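Just below is one structure, and these are the notes that go with it.
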Amino acid sequence: MKRPIAYLAGVGKYAPPRIMKNAEFAELGLETDDAWIVQRTGIRQRHVAAPHETNRTMSAAAARIAMERAGVTPGELDVIALGTASPDRLLPSTAVDLQAELGATRAAAFDVMAACSSFLYGLIIAEGLMQSGSADTALVVGTEKLTTIVDWKDRSTCVLFGDGAGAAVLKRATGGAGILSTFMRSDGRLAELLYRPSGGASRPFDAQVLQERSFYVKMEGREVFKHAVRSMSEAADRALDGAKLTGEDIDLMIPHQANVRIIEATAKHARIPMDKVYVNVDRYGNTSSASVAIALEEALTSGRIVPGMTVLLVAFGAGFTWASLVIRF
Ligand SMILES: CC(C)(COP(=O)(O)OP(=O)(O)OC[C@H]1O[C@@H](n2cnc3c(N)ncnc32)[C@H](O)[C@@H]1OP(=O)(O)O)[C@@H](O)C(=O)NCCC(=O)NCCS
């Protein structure tokens, strides 16, 4: 395959205005404190969506900014790939809600469910559709309202997550800028280390589920941590190999923002110094599908990424899933 096929023409983000600091968990009656959360995760605060802020509204806000920056109208979109682990409804997809909200009547819209890797999966799928000739212009979105699916009585999970949305418009590449390499992988044998046990067809919602609180996210934190470091390191290696580059050639790494210690271990493995790693987990917590998209938007709009730079995106999530891309800007 001759690359680049696709380049990132515009990015956007939306973060709910309500910011929740770590100290607020104690006010909710949880035995935790700012020092524990900062030391173990690097998280200081997260954005929390209000009832009127849904994935539909948040993703549309991010998408409109990305489309305006890319100079693309809703009618020009061929594909909308939307990543989310916290869909507004279970049927139909959140992507079709976004499509309706934008008025993107020509697009084929679908959800990508690869948890925190969803935005990267979406970029890779969109690039593939462009390569096959099925699309010229794609909107890829990551959006989450995770604060509605975490258990606010479980201090080992609820402190980690936050809400928000990020979006990118992909257009057909005409020069050297664009996606240089991609890698994606999953391992379903490990699904139950991070999952929602109930509420789906295998264990429908009922009074017992409600009592057990088993429709909320459950996680084996230590195991997830180990796999995250291993898989993100592998993903970094594979995308670098695919682009025939090493960590030294990378101007900026944008990893999934779950935990600063996972990020540091991945960067060390890839031989990328931390001053070339974008970190915003302190301000957002883990926004799953939205995490890399939001960080990418911030890196571009703040000037951390300028034309000519080579950027490595790496993510890991429930499934487990992991993925990576090298992109030249
Ligand atoms: C969740 C995580 C921060 C926990 O850190 P850890 O060092 O592994 O801690 P453990 O889970 O072993 O728990 C250690 C102790 O801290 C306690 N603890 C857990 N959450 C706590 C909190 N918010 N505040 C205070 N104490 C807490 C535990 O109950 C445990 O207490 P115990 O020893 O009395 O049983 C860490 O495992 C992690 O980040 N894992 C990856 C999670 C992740 O990124 N998931 C998303 C992937 S996309």
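The values are calculated or read from the model by the stated rules, or taken from the named source; none is laboratory data. Treat the numbers as computed from the prediction; the structure is a model and nothing was measured. Cβ placement follows ideal geometry from the backbone for every residue including glycine, while neighbour counts extend to all protein chains displayed.
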Between a residue in segment 250-278 that is of a type in the set (Ser, Thr, Tyr) and any residue that is more than 12 Å from the ligand (Cβ to nearest atom) and part of a helix (DSSP H, G or I), which pairs come within a Cβ distance under 7 Å, given they are 6 or more apart or on different chains? Thr266/Ser233; Thr266/Ala236; Tyr278/Ala295; Tyr278/Ala299
Determine whether segment 260-269 contains at least one residue that is touching a Cys at 6+ places or on another chain (Cβ under 9 Å) and buried (at least 24 other Cβ atoms within 10 Å of the Cβ). no
Which numbered condition in (1) free of Cβ contacts under 8 Å to residues at least 24 places away in the same chain; (2) surrounded by 21 or more Cβ atoms within 10 Å (Cβ to Cβ) is the only one that Ala85 fails? (1)
Go through segment 206-220 residue by residue and tally those that are surrounded by fewer than 16 Cβ atoms within 10 Å (Cβ to Cβ) and either within 27 Å of the chain's Cα centre (by Cα) or basic (Lys, Arg) (or both). 2
Counting only residues that are part of a loop (DSSP other than H, G, I, E, B), within 9 Å of the ligand (Cβ to nearest atom) and free of Cβ contacts under 8 Å to residues at least 12 places away in the same chain, segment 20-50 contains a total of 1
Within segment 138-148, which residues are crowded, with 24+ Cβ neighbours inside 10 Å and over 11 Å from the mean Cα position of the chain (by Cα)? Ala138, Leu139, Lys145, Leu146
Just to be sure I understand, how many residues within segment 218-227 are under 23 Å from Gly199 (Cβ atoms) and within 9 Å of the ligand (Cβ to nearest atom)? 5
Suppose we filter segment 10-19 for residues that are surrounded by 21 or more Cβ atoms within 10 Å (Cβ to Cβ) and either within 16 Å of the ligand (Cβ to nearest atom) or farther than 20 Å from Thr94 by Cβ (or both); how many remain? 1
Mind counting the residues in segment 273-310 that are of a type in the set (A, V, I, L, M) and either within 15 Å of the chain's Cα centre (by Cα) or assigned by TED's automatic domain parsing to the domain that holds Thr147 (or both)? 9
Quick one: in segment 149-172, which of the residues that are out of contact with any Lys or Arg (no Cβ under 8 Å at 6 or more places or on another chain) and hydrophobic (A, V, I, L, M, F, W, C) is farthest from the ligand (Cβ to nearest atom)? Leu170
Has segment 109-128 got at least one residue that is farther than 30 Å from Gly29 by Cβ, more than 20 Å from the chain's Cα centre (by Cα) and of a type in the set (D, E, K, R)? no
Within segment 192-214, can you find the residues that are within 16 Å of the ligand (Cβ to nearest atom) and of a type outside the set (A, V, I, L, M)? Glu192, Tyr195, Arg196
